[in-house]
Amino acid sequence: MGVKSLKKLNKFIILFFALAIITAPIGLYAEKGSPSQNPKEVSSFDAGDTILPGMKVVNRDKVWKAPLILHPTNLIEDFKERQYDEVMISILTGVTPNMEKVLGEHISRRGIAVGYEGPGILKIKNGKICVDSPSNFVWGYKVPYTYGVKTKNSLAIVEKNRIVKVVSFSDINNDTVPHDYVSVQEIKKWYMNAYEGENITLDYSLNYFNDNRREVPPNEIEKLFGKNVKEYMKNYPSYSPIMVYMHNYKEKVAIHVVDYLGSYPEYNDLKRELNARSFIKAWNNTIIPPGTASSGKESVGFELSSDPKAPTGTASHGTCPPARALRDAVTSIGFPLPTGLTWEYTAVKYGINPATDIKITNTGKYPIKIIMWSEGHGPSMEIHVKIIYLIPE
């Protein structure tokens, strides 16, 4: 480049910066006087949605632009991040996305959720989009979401009172209907016996969270909270509390109770032992957050034995010893008598399901986890119950 060309370039640079210095106060005044951008215009999610680290929360293309001279660090940062396309666009247009106006806590300058762990919540604070990190414990409730409604010749799939799909009876299969909770065979069997207009629950959402986040539909649960949460949901009845996230807590044994199976040959001791083990399986690892009530797993069944004292002539004998142990454990830490149980030796009321019809209410400060197991076999089999406090640190 010749001397004359260099002089011309220097003059151009000097002129550019001179004009920038002159116009900067005008641009700054205009920027400060302009109304704030509505966060909804640029957010990729709604307030209350669950946000994981790494999710793109803000659409930069929709963010209002500002004079580059007022935000020169944007150009530098874009260059450091090797966003060369954006560097060129900013230089050529003289403007840059005014991200500072819309970005709040835990969102990077590129609109990505950062700086926290676990399922956060999108919030709008002071006109800015931010993400709140989750508390020590987050839980919601298993709520019916997707229904199958029998029509004359087909099954209508309904969500939020809206038909999303219609499947002919012959086309009901794993590819056409939700089947995490009800198998295709069960759906077809139900269809054959149902009357027109009757419905069956096919899938569930998580809703009514303790931190007021928005409902999470079925197809988002595993992605946002993990496979273990989905598997836990499958075992428990509708409206059960479901713990979706736990961190920074310690476990403390609140109480450990032991009972024994005993022998009652008239009720078939083999079935009694099977039922005792089923009761243990139904309640083991059940988590009950404070202020909620939970039953055991609905996925566990029980054997029936003849009993002339029972209203139906049969009863699930063998469930009383583990029920006594569970009753004594939860009431010893101050919880009320679980529904479905009595203070009597027999403990379990006649005619109820020992898993789903018994409910324990957590009236304490902390979530609890129920641990149950057995040791030995036959009448001398030991039944153990531990109640574990989950205490935030």
*How many of the residues making up the stretch 250-290 are among the aromatic types (Phe, Trp, Tyr), at pLDDT 95 or above and over 32 Å from the mean Cα position of the chain (by Cα)?*
1
*asked:* Please determine whether any residue of the stretch 266-284 is basic (Lys, Arg), open to solvent by less than 20 Å² (accessible area, probe 1.4 Å) and closer than 30 Å to Gly313 by Cα.
replied: yes
*Residue count for the stretch 285-334, restricted to those that are surrounded by 15 or more Cβ atoms within 10 Å (Cβ to Cβ), free of Cβ contacts under 8 Å to residues at least 40 places away in the same chain and closer than 30 Å to Asn210 by Cα*: 2
*For the stretch 35-58, name all the residues that are open to solvent by 70 Å² or more (accessible area, probe 1.4 Å) and hydroxyl-bearing (Ser, Thr, Tyr).*
Ser36
*Of all residues in the stretch 113-135 being among the small types (Gly, Ala, Ser) and out of contact with any Phe, Trp or Tyr (no Cβ under 7 Å at 6 or more places or on another chain), which is most open to solvent (accessible area, probe 1.4 Å)?*
Gly115
*Residue by residue through the stretch 191-215, note down the ones that are more than 30 Å from Ile121 (Cα to Cα), open to solvent by 20 Å² or more (accessible area, probe 1.4 Å) and in contact (Cβ under 8 Å) with a residue 40 or more places away in the chain.*
Tyr195, Glu196, Gly197, Glu198, Asn199, Ile200
*asked:* Given the criteria more than 24 Å from Tyr181 (Cβ to Cβ) and under 32 Å from the mean Cα position of the chain (by Cα), does Ala325 qualify?
replied: yes
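The values are calculated or read from the model by the stated rules, or taken from the named source; none is laboratory data. What you are looking at is a predicted structure, and each value in this text was computed from that prediction instead of being measured. We place every Cβ from the backbone using ideal geometry, glycine too, and count neighbours over all the protein chains shown. We work out accessible area using only protein heavy atoms, side chains counted, and drop any ligands, DNA or RNA first. Shrake-Rupley method; radii C 1.70, N 1.55, O 1.52, S 1.80 Å.
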